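All of the numbers you see were taken from the coordinates with simple rules; none came from a lab. Please read these numbers as outputs of a predicted model, since none were measured by experiment. Here the Cβ is made from the backbone with ideal geometry for all residues, glycine too, and neighbour counts use every protein chain on show.
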Amino acid sequence: MTELGEQVLPKARLIADTVYELSNEAQTMMSSPMGKLTISAPRALSQDLLAPLLAEFLNRYPNIKLDLRASNRFQNLAEDNIDFAFRLGPLVDSSLIAMKLSKVTYVLAAHKDAVSDELDHPSQLLELPCIRAHIEGYILPWQFAKAGERYEINSEPAMLCDDFIVARTMTISGYGVSLLPASLYRERKMQDLKILLPDWIEQDKSLFMVYQDRVNLPQKSKLFIEFIKEKQSWIESILCPSDIS
């Protein structure tokens with residue numbers, strides 16, 4: 001072997017060993033996916049829907065770590081380093097890839113002792129204390145429709161709240177009327193709550209999972225997408241139940 005060869009050989013072996021180690025690491029990651037996924041979702045959705053799903057995902061892929069940011073604050077995926085966000089639509093950011101998961105059914109709920117008479121028209125809600133949801137200051141309107149008539153409530157409510165679970169607890173406690181996702185109502189339907197104006201509710205909302213990149217997704221992200229697709233029927237059964245009352 002030449003003098004040059006003797007000088008180059010150790011470095012060449014080091015490079016070969018490094019390539020071999022990297023190849024082994026890549027094979028290990030392919031067979032046993034690992035890494036961290038950061039997920040953003042509203043608080044009520046995190047508790048009511050995502051918690052059992054994420055538990056099952058982690059049991060299936062124990063080497064993947066999750067960072068769930070349960071917040072009602074709108075978060076920017078790029079700026080906040082978020083892999084997936086669960087959002088209620090319609091969506092405004094068309095630059096993101098959006099997977100529609102389910103329609104979201106809502107009910108207008110009150111404690112049976114708080115509203116003694118049955119309501120015939122949404123205008124009667126103006127005479128009752130209402131608990132309205134807001135997102136970072138924007139008050140979500142209550143929209144109603146029946147037999148061609150449309151009605152919308154935008155008046156200032158007795159209480160503003162950015163968390164559906166808090167609104168539900170207030171309603172169970174006997175105060176006011178709140179518009180709740182049907183999944184939250186069904187969970188507590190035996191606790192003296194009743195539905196108001198069931199034929200009038202018209203809330204055009206759907207749940208989406210959004211993410212940034214379709215091409216260069218790591219395996220952990222691909223597995224999460226496939227897992228959510230696998231669970232889509234279950235998600236629909238929770239968010240759009242057929243047995244509300």
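Numbers at a glance
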item	result
Proxy reagent accessibility, fewest Cβ within 10 Å first, across THR171, THR2, THR105	THR2, THR105, THR171
DSSP beta bridges in the range 106-196 [antiparallel fraction, %, rounded to 5]	75
Loop-located GluC sites (Glu not before Pro) in the range 102-195 whose Cβ has at most 15 other Cβ within 10 Å (DSSP)	GLU118, GLU136
Phi to ³J(HN,Hα) by Karplus 6.51 cos²θ - 1.76 cosθ + 1.60 over the range 217-231, Hz, x for Gly, Pro	6, x, 4, 4, 6, 4, 5, 5, 4, 5, 5, 5, 4, 4, 9
The range 94-150: trypsin sites (Lys or Arg not before Pro) in DSSP coil with no more than 14 other Cβ atoms inside 10 Å	LYS112
FRET efficiency estimate (nearest 0.05) - Cβ-Cβ, MET99 to ALA55, R0 22 angstrom	0.60
Over 27 Å between alpha carbons, listed pairs LYS100/LYS222; LYS36/LYS205; LYS65/LYS100; LYS194/LYS231; LYS65/LYS231; LYS146/LYS205	LYS36/LYS205; LYS194/LYS231
At R0 = 45 Å, FRET efficiency that the Cβ-Cβ distance of GLN75 and ASP199 yields, to 0.05	0.80
Low-density loop positions, trypsin sites (Lys or Arg not before Pro), the range 162-236 - DSSP coil, at most 14 other Cβ in 10 Å	ARG214
Zone of LEU217's modelled label, taken as backbone nitrogen in the range 223-245 under 15 Å from a point 7 Å along Cα→Cβ	223-232
For the range 161-178, 3J(HN,Hα) per residue [Karplus equation, 6.51 cos²θ - 1.76 cosθ + 1.60, θ = phi - 60°, Hz, x = Gly/Pro]	8, 9, 9, 5, 5, 5, 4, 5, 4, 4, 5, 4, 6, x, 10, x, 10, 9
